[in-house]
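Enquirer: Structure incoming, see below.
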Amino acid sequence: GDMFNDGRWHHVEFKRHGNRGKLYVNGLLMGEKISEGDTQNLDVIPELFLGGIKQELREELPVQRNLMRVTTGFVGCLREFIHRRKRIGKWSKNNSNGVIACSDMVEQGSFFGSKGGHILVQPRYRVGMDFDINMDIKPRNISGILLAIQGRKDYLILQMIDGAIQFTADNGRGPIFSSFKPKTTFSLCDGKWHRIQAVKAKNVVTVSVDGIFSPAAIGVPGVSSTDTNHGLYIGGHPKKRRLRGLSTQHDYVGCMRNIVIESKPLEIEPEMTSGDISLNSCSLI
């Protein structure tokens, strides 16, 4: 089929007359269907959602069925919405749902603003023996939390401290940490993307920046499991004052993308975010 994610604008038109529906893209008829049965009318709530639907609707089975289980929101720009030959003027944009104005001066990623915020990936996460996280960051501050997972005693934390990247794990017998120190304090705030990888293998931790690994740190032999049972947070934490192993009180500020946890790419949904975070686009200004 045709690909439409080519960076250009495309005109999409859907027409329904009675039980017949037609879909046009860029003026070409792409599909036509007739619904079964004799009904000519649609019995629906007269409310239009653009680019996505409310979280509570997403979880309803009839809605999932109608949407063929596609419940993720649209990522991109929308403009010139016309309904029944009338131009819809001011749309009520909901910034808290990650909707921002369109601009060419943006790039892919999630932006963590200066007011602070975090992403709750999972409310109860057990690290266990091994853990691996990758992310691309373009920071605008030299200090901030990248990842935090706490237990009653054990914890795992990845943070920027004065321009360095430090990865710490505590399996219950004291912290084990590995730190990557770049050439200067501001090396990672150079307006370029940097690939971060943090690995915990039993009682060994190491961290890499742009493929260069710091020396591995080794903890007490035989004490291998990080027994956490609290949330896995990215970019910040709601209870920073109570975090063990934390060397900064700042949430991360800057852009972040391509987060992969345990070989699984992270799909960030709006309801996972809290605070000053814009999903799917980062300003280049």
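We did not get these values from a lab; they are worked out from the coordinates using the rules stated. The structure displayed is predicted, hence computed values, not measured ones. Every residue, glycine among them, receives a Cβ derived from its backbone with ideal geometry; neighbour counts consider all protein chains shown.
Enquirer: In the range 229-246, which residue that is of a type in the set (G, A, S) and touching a His at 6+ places or on another chain (Cβ under 7 Å) is nearest to K138 (Cα to Cα)?
Expert: Among those residues, the one meeting the criterion is G235.
Enquirer: Report the residue count in the range 160-210 for those that are under 22 Å from the mean Cα position of the chain (by Cα), more than 16 Å from I142 (Cα to Cα) and either among the hydrophobic types (A, V, I, L, M, F, W, C) or crowded, with 17+ Cβ neighbours inside 10 Å (or both). It would help to see each step written out before you state the result.
Expert: We begin by selecting, within the range 160-210, every residue under 22 Å from the mean Cα position of the chain (by Cα); these are 160, 165-167, 188-189, 191-199, 207-210.
From the residues that got through so far, the ones that are more than 16 Å from I142 (Cα to Cα) too are 197-199, 207-208, 210.
This time we only want the ones that are either among the hydrophobic types (A, V, I, L, M, F, W, C) or crowded, with 17+ Cβ neighbours inside 10 Å (or both), so: 197-199, 207-208.
Here the count works out to 5.
Enquirer: Limited to the range 3-30, what total is found for residues that are closer than 19 Å to L78 by Cβ and either part of a strand (DSSP E or B) or touching a residue at least 24 places away in the same chain (Cβ under 8 Å) (or both)? Before the answer, list the steps.
Expert: Kept after step one, since they are closer than 19 Å to L78 by Cβ, are these residues of the range 3-30: 3-15, 23-27, 30.
If we keep only those that are either part of a strand (DSSP E or B) or touching a residue at least 24 places away in the same chain (Cβ under 8 Å) (or both) too, we end up with 5, 9, 12-15, 23-25, 30.
Residues that pass the stated criteria total 10.
Enquirer: Return the residue satisfying two criteria in turn: it lies in the range 141-159 and is more than 18 Å from F180 (Cα to Cα) and of a type outside the set (A, V, I, L, M, F, W, C), and of such residues it is surrounded by the fewest Cβ atoms within 10 Å (Cβ to Cβ). Before you say what the answer is, go through the steps one by one.
Expert: First pass over the range 141-159, keeping only residues more than 18 Å from F180 (Cα to Cα): 149-155.
Now narrow it down to the ones that are of a type outside the set (A, V, I, L, M, F, W, C): 150-155.
Working: Q150: 24, G151: 19, R152: 10, K153: 13, D154: 22, Y155: 24.
The residue in question is R152.
Enquirer: K33 - would you say it is more than 28 Å from E267 (Cα to Cα), assigned to a strand (DSSP E or B) and without any contact (Cβ under 8 Å) to a residue 12 or more places away in the chain?
Expert: On the way: more than 28 Å from E267 (Cα to Cα): yes; assigned to a strand (DSSP E or B): yes; without any contact (Cβ under 8 Å) to a residue 12 or more places away in the chain: no.
Criteria not met by K33.
Enquirer: So, restricting to strands (runs of 3 or more DSSP E) that lie completely within the range 143-196, which ones have at least 2 residues that are over 18 Å from I234 (Cα atoms) and touching a residue at least 24 places away in the same chain (Cβ under 8 Å)?
Expert: Details: elements: 144-150, 155-161, 164-170, 175-180.
Counting at least 2 such residues, we get 175-180.
Enquirer: If I filter the range 49-68 for residues that are touching a His at 6+ places or on another chain (Cβ under 9 Å) and under 30 Å from S103 (Cα atoms), do I get at least one hit? Steps first, please.
Expert: Here is the first cut: in the range 49-68, the ones touching a His at 6+ places or on another chain (Cβ under 9 Å) are none.
So far as the range 49-68 goes, no, none of its residues is touching a His at 6+ places or on another chain (Cβ under 9 Å) and under 30 Å from S103 (Cα atoms).
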